[in-house]
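Read-outs throughout are calculated quantities, based only on the coordinates presented, and are distinct from any laboratory measurement. Because the structure is predicted, anything quoted here is derived from the model rather than measured. Cβ coordinates were reconstructed from backbone atoms using ideal geometry, including for glycine residues, and neighbour counts include every protein chain displayed.
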Amino acid sequence: MAEKRDELRRFTVTPLQTNCYAYVSAGECLVVDPGGSGAAVAEHLSDVRVTCVAATHGHGDHVGGVAALCRATGAPFAIHAADAELARHAGEMSEVGRSYDENAPAADRLLAEGDVIEVGTATFTVMETPGHTPGGIVLVGGGSAEGLAFVGDTLFPGSHGRTDLTGGDERAILNSLRRMAAEIAPETMLLCGHGPATSMAVELARNPFLR
Ligand SMILES: [Zn+2]
């Protein structure tokens, strides 16, 4: 019997309409950025084994649902070391005047450049992309996930994430975007933290911040 193909599920969570993604491969599942509604997201993943919950960065709208999702699935939580502390305050009032579901738990795995998250026949390699936050990362797909990247709030179609919040750094995000342009294949689909997906080829043509 042919192996079932990998699957990408998307859940829109929090008042900021954060994209929470679930990448399913060979019965295993990586969840990226459960910003809220962790228990509800878990219910939609009852047919797979969640093996990792990862955050592209520590803002509350990306990690507010981590605790509930990890409780429901027993999965470990992974985030870059530089954003782990930020994530632990997701449930408290933030500088943008909001709080999210719950503080994220302490990280089970601290991510750094070049680390690989395996899920089924797919791999996701950590690229450090500071600028929106100090510990922002992009997860670049390989294996059966070749051609996909989770880019969090580092890149949006024609634009980039805001750098005016605590820990934001305009020069750093421009460096990160240039690095993405150089190292991520043009045909790669870029799955953003909010709004629609794009591709590196489209961004290379239209995004002024990649030049
Ligand atoms: Zn953010």
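Quick one: dipole size for the stretch 13-118, taken about the Cα centre, charges +1 on Lys/Arg Cβ and -1 on Asp/Glu Cβ, in debye to the nearest 20.
In total the dipole reaches around 180 debye.
State the percent of C-alpha pairs, over all pairs in the stretch 142-188, separated by a distance greater than 18 angstrom.
33
From the residues Pro105, Leu191, Ala78, which one has its Cα farthest along the dipole of the chain in the positive direction, the dipole being from +1 and -1 charges on Cβ of Lys/Arg and Asp/Glu about the Cα centre?
Leu191
Direction-averaged shadow area of the convex hull around the Cα atoms of the chain, nm²?
Taking the Cα atoms of the chain, their convex hull projects to 10.5 nm² on average.
Only Lys, Arg, Asp and Glu count, each charged at its Cβ (+1, +1, -1, -1), so figure out the dipole size of the chain about its Cα centre, rounded to 20 debye.
It comes to approximately 320 debye.
Putting +1 on Lys and Arg Cβ atoms and -1 on Asp and Glu Cβ atoms, find which of Ala122, Gly58, Phe150 reaches farthest to the positive end of the dipole of the stretch 7-210.
The residue sitting most towards the positive pole is Phe150.
Return the single residue from Ala145, Ala78, Ala197 with maximal mean-square fluctuation; model: Gaussian network over the chain, springs between Cα atoms under 10 Å.
Looking only at Ala145, Ala78, Ala197, the largest GNM fluctuation is found for Ala197.
Measuring from label point to label point, each 7 Å out along Cα→Cβ, what is the Ala106 to Met93 span in nm?
Modelled inter-label distance: 2.9 nm.
So if I take the centroid of the Cα atoms in the stretch 47-103 and the same for the stretch 126-159, what is the distance between those two points in Å?
Their Cα centres are 17 Å away from one another.
Under a GNM of the chain (C-alpha, springs under 10 Å), which listed residue has the highest mean-square fluctuation: Arg98, Arg49, Arg109?
So, out of Arg98, Arg49, Arg109, the one fluctuating most is Arg98.
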